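Asks: Have a look at this one before I ask anything.
The values are calculated or read from the model by the stated rules, or taken from the named source; none is laboratory data. It should be emphasised that the depicted structure is a prediction, and the values quoted were computed from it without experimental measurement. When we count neighbours, we look across all protein chains shown, and the Cβ atoms used for this are built from the backbone with ideal geometry, even at glycine.
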Amino acid sequence: MTAATAVPVEADGVAPTAPDVLERCRRLVGPALAAAVERLHPWPAEMAAYSLGWCEVGGAPAPGATGGKGLRQALAVLGAEAVGAPGEAGSAGAVAVELVHTFSLLHDDVMDGDTTRRRRPTVWKAYGTGPAVLAGDALFALAVETLAAAPGAHGPAAVRLLAASLTDLVRGQADDLLFESRPWRGPGAVRPDEYRMMAEHKTGALLGSAAALGALLAGAPEETVATLDRAGRHLGVAFQIVDDVLGIWGDPRVTGKPAHGDLRRRKKTLPVLAALSTPEGAAGGLAARRLAGLLEGADALDHDGARRAADLAEEAGGRSAALAEAHRHIAAVHACLESVPLAPRPLGDLRTLLDFLLHRRL
């Protein structure tokens, strides 16, 4: 079966929207993902299901559960379809990256002290820090087991690919945490290029491995697998930048995150770093200096202070510079996808997702 025949077409001939693509991939991967989580000890399994949005604390089914966008599992499915295989060929990769993504969120929320995610208490807040770390460890082990048991001859190579992306993810997370202790200005300040490398590791590595694993498990040539990995890494940087913009100027009713949360924590995100890099004499230079003074202050930023910081970051050009950088990385994704032969219909689905992710609502 080719990818062209494996992907359904809307009855009226209209190309599927990004939510359509994501939903189709979630339906394809869902049973295998649920079966994998059920293999865990019941307590970590409940925490995993809670994190995935399937249940409430205590295990009662969550009404209207969606389990998030499912971007990474969609990339694995489309990676398989793009090289001419049915989406099921990438199912083990899709399950593995979704488990790893969930594991990383559990630990990330603990490290950042975030108390809400998707408008609900985070796992550590609902169950405790120790149990949340345990559940994350269980998901990590389950992801490796899932790939190692993948049908066909590509399981060992898939485990190696995932392991390499996890090494990068940890490197990116380490840099992100270390950035917090560095100054806003001067020789020790975080440079925008350091941020880009951090984002590629922290976010891009897993997105790259998602697309690459689908193609690898489907038996694609090494060049195609490497190109899809590279495309996913560029996508990850763009995705992280858009997340940063949403974290400052997004509507909490849409994002599910507190308004100006990153600014309140004085997190070094690209919009802020780009704003602070505006030269003193340039347009926005005065706003950049005032923003630095506000962030360097000893007092915690209250609601008004965070809003003022957001206004100054925008006045200094941080928002526009960050979005321009995201567009450059999306252009690099398109260039990667055009450089290798891919089936037209899943390629179209990938392009639909790119546009959707870049233009998420603020």
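Asks: Which one is surrounded by the fewest Cβ atoms within 10 Å (Cβ to Cβ), of the residues in the range 94-121 that are among the β-branched types (Val, Ile, Thr) and in contact (Cβ under 8 Å) with a residue 40 or more places away in the chain? Even if it seems obvious, please write down each step before you answer.
Replies: Pass one, the range 94-121, residues among the β-branched types (Val, Ile, Thr): 95, 97, 100, 102, 110, 115-116.
Still in the running and in contact (Cβ under 8 Å) with a residue 40 or more places away in the chain: 95, 97, 100, 102, 116.
Working: VAL95: 26, VAL97: 31, VAL100: 26, THR102: 26, THR116: 15.
Result: THR116.
Asks: Can I ask one more? For the range 92-133, give me each residue that is of a type in the set (S, T, N, Q), at pLDDT 95 or above and over 16 Å from the mean Cα position of the chain (by Cα).
Replies: THR122, THR129
Asks: Condition test on ALA60, is it of a type in the set (A, V, I, L, M, F, W, C) and crowded, with 17+ Cβ neighbours inside 10 Å?
Replies: Working: of a type in the set (A, V, I, L, M, F, W, C): yes; crowded, with 17+ Cβ neighbours inside 10 Å: no.
No.
Asks: What are the pairs, 6+ residues apart or on separate chains, where a residue within the range 161-184 that is in contact (Cβ under 8 Å) with a residue 60 or more places away in the chain has its Cβ under 7 Å from a residue that is among the acidic types (Asp, Glu) and exposed (fewer than 12 other Cβ atoms within 10 Å of the Cβ)?
Replies: Taking only residues 6 or more apart or on different chains, the pairs are TRP184/GLU296.
Asks: Which residue is nearest to the chain's Cα centre (by Cα), if the candidates are limited to the range 166-220 and must be hydroxyl-bearing (Ser, Thr, Tyr) and closer than 30 Å to ASP349 by Cα?
Replies: The qualifying residue nearest to the chain's Cα centre (by Cα) is THR203.
Asks: Residue by residue through the range 242-274, note down the ones that are of a type in the set (A, V, I, L, M, F, W, C), surrounded by fewer than 22 Cβ atoms within 10 Å (Cβ to Cβ) and over 18 Å from ALA324 (Cβ atoms).
Replies: Of everything in the range 242-274, those that are of a type in the set (A, V, I, L, M, F, W, C), surrounded by fewer than 22 Cβ atoms within 10 Å (Cβ to Cβ) and over 18 Å from ALA324 (Cβ atoms) turn out to be VAL254, ALA259.
Asks: Looking at (1) at pLDDT 95 or above; (2) over 20 Å from LEU246 (Cα atoms); (3) surrounded by 18 or more Cβ atoms within 10 Å (Cβ to Cβ), which is the only condition THR278 fails?
Replies: (1)
Asks: Among the residues that make up the range 183-196, is at least one of them hydroxyl-bearing (Ser, Thr, Tyr), within 18 Å of ALA92 (Cα to Cα) and buried (at least 24 other Cβ atoms within 10 Å of the Cβ)?
Replies: no
Conditions (1) in contact with a helix residue (DSSP H, G or I) (Cβ under 6 Å, 6 or more places away or on another chain); (2) assigned to a helix (DSSP H, G or I); (3) aliphatic (A, V, I, L, M), marked per residue:
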site: ALA259; (1), (2), (3): yes, no, yes
site: LYS267; (1), (2), (3): no, no, no
site: LEU294; (1), (2), (3): yes, yes, yes
site: ASP311; (1), (2), (3): no, yes, no
